[in-house]
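Presented below is the structure to which this report refers.
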Amino acid sequence: GQNIDQPTEMTATEGAIVQINCTYQTSGFNGLFWYQQHAGEAPTFLSYNVLDGLEEKGRFSSFLSRSKGYSYLLLKELQMKDSASYLCAVSGNTPLVFGKGTRLSVIA
Amino acid sequence: DGGITQSPKYLFRKEGQNVTLSCEQNLNHDAMYWYRQDPGQGLRLIYYSQIVNDFQKGDIAEGYSVSREKKESFPLTVTSAQKNPTAFYLCASSIDTPPGQDYNEQFFGPGTRLTVL
């Protein structure tokens, strides 16, 4: 079966750091995507992890552990515009499988 | 500029009517997808197509139909058989994504919000 779990909601303060976790159990694994989606808009690509370890891209970093079926997205120096949903998606033996997303609220 | 377009952005229909949602891409992508998103939910796959004149059912295909007569176009018809059609519909495309393909980033259109009255 296919199962991807993320927390439903998170709240963090402007300027802080937040970590959004994703655990997965899928049939086959090639890589893991993170997308950002603002309310009413299309998802936009943030990162892609294939190998274990941390990939850093500006304020955003993504980590993958294939053996543990675990990933996280790390957002640093949070800004109000980072308030959005963050979707974890796994590439495996089927088209991308998406988690339900984590709605992040950044407060002043 | 290359991209994916969906039209219209908002669509209202009466219950019992079929409605077709448009999706066009000029990215020269082989694969195209349709997703449904309900409030507070993730993306659920309706149909996908890896090549012209071929498509496969996703997780929630009942009450929907698609066609892929051209590489650039992948319209979705929401039929009267779909019991709860009000939702946000997203179309996406990727370069090539046979299951097992390594990198298959999907690019999304702006979405169509369908409301059935």
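A few comments on the model shown:
- With both labels modelled 7 Å from their Cα along Cα-to-Cβ, the A:K68 to A:S105 distance reads 2.9 nm.
- Counting Lys and Arg as +1 and Asp and Glu as -1 over every other residue whose Cβ lies under 9 Å from the Cβ of A:A16, the net charge comes to -1.
- Overall form of chain A per C-alpha gyration tensor (a/c, 1.5; a/b vs b/c): prolate
- Counting charges near A:Q36 (Lys, Arg +1; Asp, Glu -1) among other residues having Cβ under 14 Å from its Cβ returns a value of +1.
- Peptide A:84-96, shielding by other chains (average Cβ, 10 Å cutoff): 5
- Cα convex hull volume per residue for the range B:1-109 (Å³): 106
- Among B:W34, A:W34, the ranking by other beta carbons within 10 Å of each residue's beta carbon, starting with the fewest, stands as A:W34, B:W34.
- Separation between Cα centres of the range A:40-108 and the range A:1-30, rounded to whole Å: 7
- Dipole of chain A, positive end: most advanced residue of A:T8, A:Y24, A:G92 [Cβ charges, Cα centre]: A:G92
Read-outs: derived from the displayed coordinates by stated rules, not from any lab. Nothing here was measured: the structure is a model prediction, and the numbers come from that model. Here Cβ is always computed from backbone atoms with ideal geometry, including for glycine, and neighbour counts include all displayed protein chains.
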